[in-house]
């Protein structure tokens, strides 16, 4: 019966990924990577042998595998990937940076000072005994600061997304099906831009009102 490692090497040379090999032979992905390093598995592609040798010295296995999988992708495909990643990042940021209302504030402990432990105190199974806090320093993130940071970041992100879309439209064939998806993204961008403008105007009104209240 042929050695599992030898068969795994043959599959690796055919283009199977680490995860596919691990699943096929019922071993961990770390075992497959260990075989690859220990026995010098290398996929060679014609005249690119020297470049691959350099990559193997300085890049991680995951990076090399991604590069190999991207070998057949065109510049237009890469731009499309960037559009989707950038668009997803914009949508995700809206959830992460969500501000509920003006009173929505984040308070985080930045620094704390404790009463020194008594020499008689002993730890139990490595657990440090409770100590009295003598001083604390907090950082505050107010709703208007978080909202302003978010809006500025979203404006820059949408500007980059529009640039990528313009590049894609200049290169893509008129019948490229991805153009329909771009239209949907552009409509969403316009809605988001309008919301950003309205939020900035509202924030400006709040800041002016807050200054008036403090004067």
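The values are calculated or read from the model by the stated rules, or taken from the named source; none is laboratory data. Bear in mind the structure is a predicted one, so any value in this text is a computation, not a measurement. Heads up, the Cβs are rebuilt from the backbone with ideal geometry, glycines too, and the neighbour counts pull from every protein chain shown.
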Filter result (assigned to a loop (DSSP other than H, G, I, E, B) and loosely packed, with under 11 Cβ neighbours inside 10 Å) within segment 13-27: 26
Which numbered condition residue 213 misses (of (1) surrounded by 10 or more Cβ atoms within 10 Å (Cβ to Cβ); (2) at pLDDT below 80): (1)
Matching residues in segment 25-34 - criterion: being in contact with a helix residue (DSSP H, G or I) (Cβ under 7 Å, 6 or more places away or on another chain) and within 15 Å of residue 60 (Cα to Cα): 29, 32, 33
Restricting segment 52-61 to residues that are part of a helix (DSSP H, G or I) and surrounded by 11 or more Cβ atoms within 10 Å (Cβ to Cβ), the residue that is modelled with the lowest pLDDT: 52
